[in-house]
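Beneath this line is the structure, given in structure tokens, with notes to follow.
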Amino acid sequence: MMRTPLTMETILEVNNLTMDFGGLRALDHLNVDIRRGEIVALIGPNGAGKTTFFNCITGIYSPTEGDIIISSTKADGAIKRERINGLKPNQVTEKGMARTFQNIRLFPNMTVLENVMIGRHCRTRSGVAGAIFRNRAMVREEQSVVDDSYRVLEKIGLARFVNDQAKNLPYGAQRRLEIARALATEPFLILLDEPAAGMNPQETLELDDLITRIRDEEGVSILLIEHDMKLVMSLSDRIFVMDYGKKIAQGTPEEIRNNPVVIKAYLGEEIDA
């Protein structure tokens, strides 16, 4: 498998991100950057502010301070930088950032295919009139959504469950379905919030392979929050470490593994796992 080469092109730049909840500062002038083609992990203990960070950059929360900037390369080679603070979650998804959640958020009584089709919705063009009058463009687009969604399920390894209700899938498959739905939005960056939570060792190995394939074959960058240090160390190109809303370290897995501040604060004996 050919690995996507890392570049210095920054696709997400977060500067001085701060989030206050009343008198509590959940994020304190946090700086993070993600480059095209890399897998980045965000680690830290419970309560460090990791999920708050995800919620800020995906539009669920409006940060108190700071800038969230996405960058893309136009056809003429020029770099387009866009500040996305204040956008709604669906608008952030349309811009190319998709996410999964720590607690699975599928539509349990819908089929596996229908769950992925929902992810395709932000890339459809037919408006209200097309939905009402069922014109040819609407019919063609509906079939395209079905076909594209099925292809995503094939890539993720869930095609055999296509007509099953989401609630009937094994736990690990439900986690993969969330990733499939995110991938269906055609993102340049997927944010995974504890994707290995609750998985057994075999499912975690399969997740490792899946995330790598998404990056290598689909060209999608990955930012993940994860407590499984073995998974983090095997997957990540770079790691950011948080504590009490602040970034206390960043670097390659090897640099983080040998960082005494990180070892003392978080990893302990798990560093050898």
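The values are calculated or read from the model by the stated rules, or taken from the named source; none is laboratory data. The shown structure was predicted, so the numbers you read here are calculated from the model rather than taken from an experiment. Every residue, glycine among them, receives a Cβ derived from its backbone with ideal geometry; neighbour counts consider all protein chains shown.
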Go through (1) among the hydrophobic types (A, V, I, L, M, F, W, C); (2) in a loop (DSSP other than H, G, I, E, B); (3) touching a Pro at 6+ places or on another chain (Cβ under 7 Å) and name the single condition Ala48 misses.
(3)
Arg175 being in contact with a Leu (Cβ under 9 Å, 6 or more places away or on another chain), assigned to a helix (DSSP H, G or I), closer than 30 Å to Ile118 by Cβ and in contact (Cβ under 8 Å) with a residue 60 or more places away in the chain:
yes
Identity of the residue in the range 159-171, touching a residue at least 24 places away in the same chain (Cβ under 8 Å), in a helix (DSSP H, G or I) and of a type outside the set (A, V, I, L, M), that ends up surrounded by the most Cβ atoms within 10 Å (Cβ to Cβ)
Phe161
Spot the failing condition for Ser62; the list is (1) surrounded by fewer than 15 Cβ atoms within 10 Å (Cβ to Cβ); (2) without any contact (Cβ under 8 Å) to a residue 12 or more places away in the chain, and only one is missed.
(2)
Could you list all residues from the range 216-251 that are assigned to a helix (DSSP H, G or I), touching a Ser or Thr at 6+ places or on another chain (Cβ under 9 Å) and surrounded by 21 or more Cβ atoms within 10 Å (Cβ to Cβ)?
Leu231, Leu235
Collect the residues in the range 101-130 that are exposed (fewer than 12 other Cβ atoms within 10 Å of the Cβ) and modelled with pLDDT under 75, keeping them in residue-number order.
Arg125, Gly127, Val128, Ala129
State whether one or more residues within the range 200-221 are among the hydrophobic types (A, V, I, L, M, F, W, C) and over 14 Å from the mean Cα position of the chain (by Cα).
yes
Condition broken by Ile156, with the remaining ones in (1) under 29 Å from Thr51 (Cα atoms); (2) at pLDDT 90 or above; (3) surrounded by fewer than 17 Cβ atoms within 10 Å (Cβ to Cβ) satisfied:
(3)
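Quick check on this structure: which one of Leu12, Leu87, Leu42, Leu30 is touching a helix residue (DSSP H, G or I) at 6+ places or on another chain (Cβ under 9 Å), farther than 28 Å from Ala184 by Cβ and surrounded by 13 or more Cβ atoms within 10 Å (Cβ to Cβ)?
Every option except Leu30 fails the conditions.
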I'd like the residue in the range 51-78 that is in a loop (DSSP other than H, G, I, E, B) and among the hydrophobic types (A, V, I, L, M, F, W, C) and, out of all such residues, is modelled with the highest pLDDT.
Ile60
Output the number of the condition that Gly37 fails; it satisfies all remaining conditions of (1) without any contact (Cβ under 8 Å) to a residue 12 or more places away in the chain; (2) in a loop (DSSP other than H, G, I, E, B); (3) surrounded by 16 or more Cβ atoms within 10 Å (Cβ to Cβ).
(1)
